[in-house]
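In what follows, a single structure is set out as structure tokens and then discussed.
The values are calculated or read from the model by the stated rules, or taken from the named source; none is laboratory data. For clarity, every value in this text was computed on a predicted model and none was experimentally measured. Every residue, glycine among them, receives a Cβ derived from its backbone with ideal geometry; neighbour counts consider all protein chains shown. Quick note on the areas: whole protein, heavy atoms, side chains included, nothing else; ligands and nucleic acids left out. Shrake-Rupley method; radii C 1.70, N 1.55, O 1.52, S 1.80 Å.
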Amino acid sequence: MTVALYVPGDRPDRFAKAVASGADVVILDLEDAVAADAKATAREAVDAWLAEHGPAGLQVRVAAGSSDDLAMLAVHAVDVRLPKVRGAADVDAVVDRLDRPIHALVEDAAGLTSLDEIGRHPAVASLAIGEADLRADLGASSDAVLQHARILLVVAARAAGLPAPLMAAYPAVRDLDGLEADCRAGAALGFGGRAAIHPAQVERIRSAFAPSEDEVAWARATLDALGDAGVATLGDGQMVDEAMARRARAILARLR
């Protein structure tokens, strides 16, 4: 389970707090979180932080099409979070300049229908969806649209052999109960964690993605009953097989 915390690139006063927040990854953001007239300042701040502290545990979200962002990152071995990916060609455009793992962010219908192509690009390390941008692109007000997109994302990531994707950031920072409920729904779909936009969200996300006591008990009982056999029966009469064992191992992996 992974929590990735975004921090605006023009707020270097927040970088250390973000790193200490307990998030697994900190994303230094040069895109949406930074106003147009602050892009250069943000780039300088991110450059200085990477030069002093190194890239461990960090990603940088570049602004789509920004050659200045890519030029700055040329001297830092940090993963790139690439927004507005619509196909493999968008990844190629970055890889031609930077030999880095790319975390592809799909934000419109063109990208959504190209998830398989994007996910199978050899430079792509993960897939994600920008849900607010996708909803705007589709002109959709129904949450059913996002549910469909989420399912497509989970399936595409699995088919490409990538890690379970992270859910998009939950914008209502103060609604921690709503965040937790949405995370639990995402975990049930197969997501592997979530992006956060405030340190207060980090532990609630981690808690929500942790398996329940009932799930852990079922997983342990399943693996104990199955042992080396191909098929077994639990005490309540439920038959379990290797497919269920894989699910049980996934549950215990979330616990760890």
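The residues in the stretch 107-120 that are crowded, with 20+ Cβ neighbours inside 10 Å and either closer than 19 Å to VAL62 by Cβ or touching a residue at least 60 places away in the same chain (Cβ under 8 Å) (or both) can be counted, and the count is 3. In this structure, ALA104 does not qualify as touching a strand residue (DSSP E or B) at 6+ places or on another chain (Cβ under 6 Å), open to solvent by 20 Å² or more (accessible area, probe 1.4 Å) and outside any helix (DSSP H, G or I). Among the residues of the stretch 139-161, those that are within 19 Å of ASP90 (Cβ to Cβ) and assigned to a helix (DSSP H, G or I) comprise ALA149, LEU152, LEU153, ALA156, ALA157. If a residue has to be surrounded by fewer than 18 Cβ atoms within 10 Å (Cβ to Cβ) and over 16 Å from ASP133 (Cβ atoms) to count, how many in the stretch 164-175 make the cut? Result for the stretch 164-175: 4. In the set LEU226, LEU189, only one residue is of a type in the set (A, V, I, L, M, F, W, C) and buried (at least 18 other Cβ atoms within 10 Å of the Cβ); that residue is LEU226. When we screen ALA20, ALA88 for residues that are small (Gly, Ala, Ser), crowded, with 18+ Cβ neighbours inside 10 Å and at pLDDT 95 or above, the only hit is ALA88. When you look at VAL62, is it of a type in the set (A, V, I, L, M, F, W, C), crowded, with 23+ Cβ neighbours inside 10 Å and either in contact (Cβ under 8 Å) with a residue 12 or more places away in the chain or under 15 Å from LEU28 (Cα atoms) (or both), yes or no? Considered against the rule, which asks whether it is of a type in the set (A, V, I, L, M, F, W, C), crowded, with 23+ Cβ neighbours inside 10 Å and either in contact (Cβ under 8 Å) with a residue 12 or more places away in the chain or under 15 Å from LEU28 (Cα atoms) (or both), VAL62 comes out as yes.
Any residue in the stretch 232-248 that is open to solvent by 60 Å² or more (accessible area, probe 1.4 Å), in a helix (DSSP H, G or I) and under 28 Å from ALA104 (Cα atoms)? The answer is yes; a qualifying residue exists. Annotation note: Cβ proximity below 7 Å between a residue of the stretch 158-183 that is under 18 Å from TYR6 (Cβ atoms) and modelled with pLDDT of 95 or more and a residue that is among the acidic types (Asp, Glu) and open to solvent by less than 50 Å² (accessible area, probe 1.4 Å) (sequence gap 6+ or interchain) occurs for ALA168/GLU131; TYR170/ASP182.
The set of residues in the stretch 2-59 being at positive phi and either in contact with a helix residue (DSSP H, G or I) (Cβ under 6 Å, 6 or more places away or on another chain) or not small (Gly, Ala, Ser) (or both) consists of GLY22 alone. So in the stretch 23-47, with the set limited to residues that are in a helix (DSSP H, G or I), at pLDDT 95 or above and among the small types (Gly, Ala, Ser), which one is least open to solvent (accessible area, probe 1.4 Å)? Per the stated criteria, the residue is ALA42. Being more than 13 Å from the chain's Cα centre (by Cα), surrounded by fewer than 14 Cβ atoms within 10 Å (Cβ to Cβ) and either at pLDDT below 85 or farther than 30 Å from LEU105 by Cα (or both) is not true of GLU215.
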